[in-house]
1. Do we find a residue being touching a residue at least 60 places away in the same chain (Cβ under 8 Å) and within 20 Å of residue 144 (Cβ to Cβ) anywhere in region 172-181?
2. Provide a single number: the residues in region 246-283 that are at pLDDT below 95 and of a type outside the set (D, E, K, R).
3. I'd like the full set of residues that are at negative phi, buried (at least 20 other Cβ atoms within 10 Å of the Cβ) and part of a loop (DSSP other than H, G, I, E, B), limited to region 130-151.
4. In region 3-13, what residues are of a type outside the set (Val, Ile, Thr) and touching a helix residue (DSSP H, G or I) at 6+ places or on another chain (Cβ under 8 Å)?
5. Kindly provide the set of residues from region 61-99 that are closer than 30 Å to residue 212 by Cα and in contact with a strand residue (DSSP E or B) (Cβ under 6 Å, 6 or more places away or on another chain), ordered by number.
6. Within region 246-259, identify whether any single residue is surrounded by fewer than 17 Cβ atoms within 10 Å (Cβ to Cβ), of a type in the set (Phe, Trp, Tyr) and either in contact (Cβ under 8 Å) with a residue 60 or more places away in the chain or closer than 22 Å to residue 99 by Cα (or both), and answer yes or no.
7. Being of a type in the set (Val, Ile, Thr), at pLDDT 95 or above and touching a Ser or Thr at 6+ places or on another chain (Cβ under 7 Å) is the requirement here; does residue 147 meet it?
8. Considering 185, 201, which residue is in contact with a Gly (Cβ under 7 Å, 6 or more places away or on another chain) and among the hydroxyl-bearing types (Ser, Thr, Tyr)?
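The values are calculated or read from the model by the stated rules, or taken from the named source; none is laboratory data. As the structure is a computational prediction, the values presented were derived from the model and not from experiment. Note that each Cβ is placed from the backbone with ideal geometry, even for glycine, and that neighbours are counted across all protein chains shown.
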Amino acid sequence: MKILILGHKGMLGSELMLRLAIAHEVTGKDIDAFDITDPADCLRIVEECAPEAVVNATGYTNVDGCEADAERCFAVNAEGVKHLALACRGKGILVVHFSTDYVFDGKKGTPYREEDPTGPLSVYGASKLAGEQFLQAFAERYLLVRTAWLYGKNGHHFVEAILKKAKEGQGLEVVDDQIGSPTYTRDLAAALELLIAGGHTGLFHVTNRGRCSWYEFAVKILQYAGIGDVTVTPIKSDRLSRPAARPAWSVLDGGKFFAACGKTLPYWQIALQDYLERTGSRR
């Protein structure tokens with residue numbers, strides 16, 4: 001398949017380039033080549049590349065920053081998705097897009113299924129939900145993947161932030177009242193390849209298996225990295241006074257993905273060890 005990956009230099013996009021290039025003809029474009037907030041530019045890039053599938057790995061992902069920059073956040077995460085969907089209409093192009101666990105309010109207490117009601121708590125979550133709705137309204141064929149707590153190469157994320165602070169000898173305070181599923185971009189890219197190869201469309205929840213708090217995640221990061229001289233203290237979210245509210249429980253149910261592909265992603269602990277080994281961070 002001829003696939004166009006938008007945002008191919010980013011944390012997720014770079015992994016998608018590597019994975020999808022194994023079996024497909026892949027082209028990557030990034031912010032220096034097109035503007036997702038410009039409908040004419042979206043149409044131009046799609047017509048120039050003439051793909052069979054467009055994978056949107058772009059996004060305004062600064063959750064707290066979105067609170068003070070809602071216009072730009074919605075322009076990228078919502079309107080940009082609409083522009084891409086419309087650019088692909090009438091051409092038989094599959095539109096692949098990624099969304100987030102932050103479209104939920106975190107009050108359910110059991111893993112969220114695809115059909116569960118949404119209720120974002122932040123501007124970021126609201127913008128991602130609007131993007132989902134635009135995709136579903138305007139794309140003739142789409143694959144929408146909700147995922148969570150991403151980390152990987154070529155990006156700023158929680159794992160590297162914890163390692164950086166620990167190596168600077170700083171004690172850590174990490175919230176223990178937000179529960180989710182850390183997800184390695186390499187595993188997510190492999191999951192997407194399975195969905196595309198199987199010809200699947202619609203909405204899927206895809207994360208690494210298992211769940212933990214950010215505090216538990218931080219403890220494992222240091223343990224697997226062989227850093228034993230740094231204290232990690234659990235705290236509550238209200239201690240941080242962050243601009244954006246986060247769902248207390250945002251675990252996603254991967255049952256639909258398993259039913260479609262016959263596989264599950266590795267447990268988050270295994271994925272984390274794999275990441276640390278591949279990046280040379282594990283002792």
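1. Checked against the condition, which is being touching a residue at least 60 places away in the same chain (Cβ under 8 Å) and within 20 Å of residue 144 (Cβ to Cβ), region 172-181 yields at least one hit.
2. Summing the residues that are at pLDDT below 95 and of a type outside the set (D, E, K, R) in region 246-283 gives 3.
3. If the condition is that a residue be at negative phi, buried (at least 20 other Cβ atoms within 10 Å of the Cβ) and part of a loop (DSSP other than H, G, I, E, B), then 139, 148 are the ones that fit.
4. Step one: of region 3-13, the residues of a type outside the set (Val, Ile, Thr) are 4, 6-13.
Listed by number, the residues that qualify are 4, 6, 7, 8, 11, 12.
5. 96, 97, 98, 99
6. yes
7. Working: of a type in the set (Val, Ile, Thr): yes; at pLDDT 95 or above: yes; touching a Ser or Thr at 6+ places or on another chain (Cβ under 7 Å): yes.
Yes.
8. Values: 201 fails: in contact with a Gly (Cβ under 7 Å, 6 or more places away or on another chain).
Residue meeting the stated conditions: 185.
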